[in-house]
Every structure is written in C-alpha cells, then in structure tokens.
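J.: For reference, the structure I am asking about is given below.
The values are calculated or read from the model by the stated rules, or taken from the named source; none is laboratory data. This structure is a prediction, so every number in the text was calculated from the model and none was measured. All Cβ positions, glycine included, derive from the backbone under ideal geometry; neighbour counts span all protein chains shown. What goes into the accessible areas is simple: the full protein's heavy atoms, side chains included, and nothing from ligands, DNA or RNA. Shrake-Rupley method; radii C 1.70, N 1.55, O 1.52, S 1.80 Å.
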Number of protein chains: 2
Amino acid sequence: MSDPTPKKPSRIQMRNRRLILDSALDVFSRDGYGGATLDAIANGAGLSKPNLLYYFDGKNEIYVTLLSQLLETWLDPLIELNPDGDPVEELLGYVRLKLDMALELPAESRLFAGEMLQGAPRMAEHLKDELKPLFDQKCKAIQDWIDAGRLAPIDPAHLIFSIWSTTQHYADFGVQVAFLLDNADPAKGAQQHLEQMFRKLLQPIQQ
Amino acid sequence: MSDPTPKKPSRIQMRNRRLILDSALDVFSRDGYGGATLDAIANGAGLSKPNLLYYFDGKNEIYVTLLSQLLETWLDPLIELNPDGDPVEELLGYVRLKLDMALELPAESRLFAGEMLQGAPRMAEHLKDELKPLFDQKCKAIQDWIDAGRLAPIDPAHLIFSIWSTTQHYADFGVQVAFLLDNADPAKGAQQHLEQMFRKLLQPIQQ
DNA sequence: TCGTTGCTTTACCAAATGGTAAAAATTTAG
DNA sequence: CTAAATTTTTACCATTTGGTAAAGCAACGA
C-alpha cells in the first residue's frame with residue numbers, strides 16, 4: 001500500500017533484466033555511454049528494442065542501474081579492510097583483492113573508469129552516499145595504524161588512490177598492457193610488483 | 001611534385017585548425033568519442049559545421065589528428081629519461097614530470113585514457129610505431145641500471161605501468177579525487193606521496 | 001474455460017547527427 | 001583593380017537513434 005512497486009518480479013523479469021544488464025555492461029564498457037545504442041544492447045540481450053524498453057525506462061536508467069549495482073561489488077573489498085588485523089597484511093590483502101577484481105572483471109572496471117573520466121555526471125549521488133563515508137572511515141583507520149606506529153607514515157588518502165590506480169590500470173589500460181608485454185599474461189608480474197612496491201611503502205621502520 | 005599536399009597552410013588555416021583541435025579536445029575528453037558531436041566541436045570553435053568539415057574530412061579525422069599530435073607531448077618525458085644520469089633521480093624526475101602533466105593537462109590525459117578504455121581502436125598503429133619501441137628501449141635501460149646494482153630489482157615494465165597509473169589517476173579520476181579530498185588541492189600531497197613511494201621502491205639496498 | 005494480467009512484436013516517429021552541394025563572400029596574387 | 005583562389009554560409013539529406021502506441025500473444029488464476 002505504501003510501497004510504489006510492491007510486486008515481486010516474475011521469473012521472466014528476473015531473467016530478462018539480467019540479460020539486459022549483462023549486455024549493457026558489454027556495450028557501455030566497450031563504447032562508452034555516448035557510443036552505446038539501445039539497439040546494440042537489445043541485440044546483445046537477444047531482445048527487441050521495444051521489449052528492452054518494457055523492462056527499463058530508457059538508456060539512462062539501464063546505465064544507472066548497472067553502475068549502482070556494480071558499486072556494491074566494487075566497494076566490497078574496501079569494506080572488508082579490518083582495523084583489528086595486521087596493518088601491512090590487511091592493506092596488502094586489499095591490493096591483492098583489487099588486482100584480482102581488475103583482472104577478472106575488466107569490463108566492470110572500465111565502466112567505472114569511463115564514468116569517472118566524464119566527471120561522474122550520472123553517479124554523483126551514489127558516490128556521495130556510498131563511497132565518501134566509506135573512504136573517510138578507512139582513511140581514519142589507516143591514520144590510527146600510523147599513529148600507533150604500526151605503519152610507515154603515509155597519507156592515507158593518497159595511499160588509497162595509489163592502490164586503486166595501480167590495480168585498475170591492468171583492467172582499464174588492459175589492451176595497452178597486453179600490447180606492451182607482447183601479450184604475455186600480466187597477472188603474475190603485476191601481483192609480484194605491487195606486493196613488493198606496497199610492502200616497501202607500508203613497512204614501518206624496524207627498531 | 002611527390003608530396004600530395006605541398007601547399008603550405010595559410011594563416012587562416014593555421015588559426016582555424018587550431019581552434020577546431022582545441023575545441024575537439026574539450027568535447028572529446030568530456031563526452032568521449034561516441035558522445036562527441038560535430039555540432040558541439042564546431043560550436044566550441046566558433047565555426048559552422050560545414051565550415052569545420054572544410055578543414056577536416058570528418059569526425060574521425062579530427063579525433064585521430066588530435067590524438068597523434070598529443071602522443072608526442074605525452075611521450076616526451078619518457079624520451080628524456082637519461083640512461084647516463086642517476087637512476088633513482090632520473091626516475092623520480094620522470095614521476096614528477098608525469099604528475100605535473102596530469103595536473104596541468106588533464107583533458108589530454110583523459111582523452112588518451114578514453115581511447116585506451118575502448119581498446120585503442122583508432123590508435124593501434126600509432127602505438128605500435130611510436131610507443132612500443134620507446135617502451136622497450138626504456139625497459140632495457142632500467143634493467144641495465146638494475147644489473148649494475150644501482151636500482152632495487154624491480155620489473156621495469158610494471159614499474160612504468162605504476163608510474164603511469166598513479167600519476168594519470170590525478171587527471172583521469174580528477175573529479176573523484178577532488179570530491180574525496182573535499183576539494184582540497186591534490187597537487188602537494190600527491191607529489192610528496194609519489195616521491196616517497198617510488199623512492200622507497202627504487203632505492204637499492206645500501207651496504 | 002474465460003478473463004485478466006503480463007510479455008512481445010509490429011509499425012511508427014521526431015530529433016539528432018554526420019555529411020554534402022553549391023552559391024555567396026572574402027582574401028590574395030598579379 | 002581585377003581575377004583567381006580560398007573560405008564561409010545556406011539549404012539540404014540520409015541514417016541513426018531514443019522512444020512510443022497499440023495490437024497480438026502467452027500465462028495463469030478462478
């Protein structure tokens with residue numbers, strides 16, 4: 001009575017909305033928001049365009065739905081960062097997780113990157129509500145570790161930026177990386193390099 | 001006689017091609033290739049659309065011209081990397097230069113990032129001819145430094161990826177960075193953080 | 001079995017977009 | 001000053017694109 005959409009989705013709805021979002025991820029991440037077309041998305045989902053528009057109100061709604069669903073997955077590893085664990089190992093674990101995500105879900109990473117590149121015009125709200133509080137909270141946790149002498153003194157915010165950028169690079173610039181590495185698998189080298197780099201950065205001076 | 005376009009461009013040509021490319025940089029970097037329109041570019045340049053098409057053969061030619069001109073500027077700092085200089089200082093200098101470029105030319109950085117995100121469909125040739133040889137050459141130079149014990153043992157290719165990703169992050173994800181830093185200027189913090197990180201990574205063990 | 005609801009298709013449409021033809025205006029060279 | 005060359009405008013056009021209306025079809029509860 002109070003809920004504007006009380007009906008639970010049917011099996012067909014579940015299936016088709018999933019098909020559409022899967023196809024949309026392909027198309028949006030490959031062609032960008034502006035380059036993506038409803039025809040391409042409908043085609044990839046195996047539906048007609050009007051049929052697609054039966055499930056979503058328009059291009060923008062598909063895109064926003066996709067991004068906000070993805071944001072959860074994306075922020076999950078950061079949420080897992082445990083203030084009660086060992087600082088260096090917690091952060092190195094986070095690096096490892098983010099790298100794995102970049103390597104296994106490159107389309108998702110590129111979708112976010114594309115939105116950010118354009119100034120996040122369609123995501124600003126979500127970022128404010130979900131990303132910012134989490135970011136501030138984790139910065140504070142890292143600062144506490146530093147204050148306790150359990151971590152080298154670093155700027156928490158820029159540390160997080162460095163983790164994000166270095167790991168996501170393997171997804172967002174994946175074509176370039178593959179090309180420059182002569183199509184060798186980047187996974188192992190990346191893992192070792194990032195582990196080495198962040199371990200050196202984070203390790204507090206032993207006394 | 002052999003040159004297919006021997007005529008040197010008039011002053012008007014120089015001016016208008018420059019106006020168009022400047023506007024195109026704005027539009028392409030903001031809206032992506034697919035989202036950019038000739039009308040928007042023409043508008044930004046203060047020309048009519050047909051007038052714009054008098055100077056360039058089409059949307060694609062504007063885009064490719066822009067990117068290939070930019071590639072030079074972009075690779076310049078890497079070219080400057082001097083194998084005869086001090087390894088750590090040379091590489092830290094490169095980091096500084098790349099960061100300065102990201103902060104001062106964010107639109108250029110985003111334009112490249114957008115092209116890479118989409119798999120560099122319109123830049124593959126240029127990358128093969130200009131980027132790859134330079135990259136291989138500099139990787140070898142870094143490896144020589146390592147072999148001479150003047151640099152910590154790191155994977156040169158992944159080192160370069162880390163430098164690119166961390167510095168360009170401040171341009172490509174500039175909106176996110178500004179938002180998460182509460183619109184504080186990221187320049188100084190970024191500079192200090194990256195210097196600290198790469199110095200620790202690169203410094204060979206003293207004996 | 002019948003009617004209601006939910007899903008899909010067919011047939012469209014208006015606006016936007018990349019691009020062209022050719023006339024008009026302007027600049028430049030002699 | 002004039003004629004040729006260059007530059008700009010006006011008037012178009014075909015295609016693509018996001019989106020709609022409404023009819024047809026399928027599923028399901030009573």
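J.: So, in region A:10-40, of the ones that are β-branched (Val, Ile, Thr) and closer than 23 Å to B:Phe28 by Cα, which residue ends up nearest to the other protein chains (Cβ to nearest Cβ)? Walk me through it before giving the result.
T.: Step one: list which residues in region A:10-40 are β-branched (Val, Ile, Thr), which gives A:12, A:20, A:27, A:37.
Filter once more, so that each one left must be closer than 23 Å to B:Phe28 by Cα: A:27, A:37.
Numbers: A:Val27: 11, A:Thr37: 9 Å.
Once the filter is applied, the top-ranked residue is A:Thr37.
J.: Quick one: what pairs do we get from region B:9-24, first residue free of Cβ contacts under 8 Å to residues at least 40 places away in the same chain and more than 14 Å from B:Tyr54 (Cα to Cα), second open to solvent by less than 60 Å² (accessible area, probe 1.4 Å) and more than 13 Å from DNA strand C (Cβ to nearest atom), C-beta under 8 Å, 6+ apart or different chains?
T.: Partner pairs satisfying both residue conditions: B:Asp22/B:Ala45; B:Ser23/B:Ala45.
J.: Quick check on my filter: what residues within region B:60-93 are free of Cβ contacts under 8 Å to residues at least 24 places away in the same chain and within 16 Å of DNA strand C (Cβ to nearest atom)?
T.: B:Glu61
J.: On to the next question. Please determine whether any residue of region B:90-104 is within 9 Å of chain A (Cβ to nearest Cβ) and surrounded by 22 or more Cβ atoms within 10 Å (Cβ to Cβ). If you could, list the steps in order and put the result at the bottom.
T.: First, pick out the residues of region B:90-104 that are within 9 Å of chain A (Cβ to nearest Cβ): none.
There is no residue in region B:90-104 that is within 9 Å of chain A (Cβ to nearest Cβ) and surrounded by 22 or more Cβ atoms within 10 Å (Cβ to Cβ).
J.: Still on this structure: Among the residues that make up region A:23-33, is at least one of them near DNA strand C (Cβ under 9 Å from one of its atoms) and at pLDDT 95 or above?
T.: If we filter region A:23-33 for residues that are near DNA strand C (Cβ under 9 Å from one of its atoms), which is where we start, we get none.
Within region A:23-33 (the criterion being near DNA strand C (Cβ under 9 Å from one of its atoms) and at pLDDT 95 or above), the answer is no, since none of the residues qualifies.
J.: Now, a different point. Being assigned by TED's automatic domain parsing to the domain that holds B:Leu81, open to solvent by 10 Å² or more (accessible area, probe 1.4 Å) and either farther than 25 Å from B:Leu71 by Cα or touching a His at 6+ places or on another chain (Cβ under 9 Å) (or both) is true for just one of B:Pro133, B:Pro121, B:Pro153. Which residue is that?
T.: On the way: B:Pro133 fails: either farther than 25 Å from B:Leu71 by Cα or touching a His at 6+ places or on another chain (Cβ under 9 Å) (or both); B:Pro121 fails: either farther than 25 Å from B:Leu71 by Cα or touching a His at 6+ places or on another chain (Cβ under 9 Å) (or both).
Exactly one residue qualifies, and that residue is B:Pro153.
J.: Here's something else I'd like to know. Collect the residues in region A:121-132 that are facing another protein chain (nearest Cβ under 7 Å) and either among the charged types (D, E, K, R) or in contact with a strand residue (DSSP E or B) (Cβ under 8 Å, 6 or more places away or on another chain) (or both), keeping them in residue-number order. So that I can check it myself, show each step before the final result.
T.: Narrowing region A:121-132 to residues facing another protein chain (nearest Cβ under 7 Å): A:127, A:132.
A:Lys132, the sole residue that qualifies.
J.: Among the numbered criteria (1) over 24 Å from B:Pro9 (Cβ atoms); (2) over 16 Å from the mean Cα position of the chain (by Cα), which one does B:Phe56 miss?
T.: Every condition holds for B:Phe56 apart from (1).
J.: Would you please name the residue that is surrounded by the fewest Cβ atoms within 10 Å (Cβ to Cβ), looking only at residues in region B:184-207 that are over 16 Å from B:Glu104 (Cα atoms) and among the charged types (D, E, K, R)?
T.: Within region B:184-207, the match that is surrounded by the fewest Cβ atoms within 10 Å (Cβ to Cβ) is B:Glu195.
Here is a yes/no grid of residues against (1) open to solvent by less than 30 Å² (accessible area, probe 1.4 Å); (2) touching a helix residue (DSSP H, G or I) at 6+ places or on another chain (Cβ under 6 Å); (3) closer than 15 Å to B:Leu127 by Cα; (4) charged (D, E, K, R):
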| residue | (1), (2), (3), (4) |
| --- | --- |
| B:Ser29 | yes, yes, no, no |
| B:Ala40 | no, yes, no, no |
| B:Asp57 | no, no, no, yes |
| B:Pro77 | yes, yes, no, no |
| B:Glu80 | no, no, no, yes |
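J.: Moving on. Every residue in region A:167-202 that is touching a residue at least 24 places away in the same chain (Cβ under 8 Å) and more than 9 Å from chain B (Cβ to nearest Cβ), please.
T.: Passing the criteria: A:Ala171, A:Ala187, A:Gln191, A:Glu195, A:Arg199, A:Leu202.
J.: Separate question: Considering region A:44-85 alone, what residues qualify as being more than 16 Å from DNA strand D (Cβ to nearest atom), away from chain B (no Cβ under 14 Å) and in contact with a Lys or Arg (Cβ under 8 Å, 6 or more places away or on another chain)?
T.: Passing the criteria: A:Pro77, A:Leu81.
J.: On to the next question. When A:Ile163 is evaluated against the numbered criteria (1) within 7 Å of another protein chain (Cβ to nearest Cβ); (2) under 18 Å from the mean Cα position of the chain (by Cα); (3) within 16 Å of A:Tyr94 (Cβ to Cβ), which criterion, by number, is the only one it fails?
T.: (1)
J.: Would you confirm, using the coordinates I've provided, whether A:Gln118 is out of contact with any Cys (no Cβ under 6 Å at 6 or more places or on another chain) and within 7 Å of chain B (Cβ to nearest Cβ)?
T.: Numbers: out of contact with any Cys (no Cβ under 6 Å at 6 or more places or on another chain): yes; within 7 Å of chain B (Cβ to nearest Cβ): yes.
For A:Gln118, the condition - out of contact with any Cys (no Cβ under 6 Å at 6 or more places or on another chain) and within 7 Å of chain B (Cβ to nearest Cβ) - is met.
J.: A further question follows. Being open to solvent by less than 70 Å² (accessible area, probe 1.4 Å), in a helix (DSSP H, G or I) and modelled with pLDDT of 95 or more, is that true of even one residue in region B:5-18?
T.: Within region B:5-18 (the criterion being open to solvent by less than 70 Å² (accessible area, probe 1.4 Å), in a helix (DSSP H, G or I) and modelled with pLDDT of 95 or more), the answer is yes, since at least one residue qualifies.
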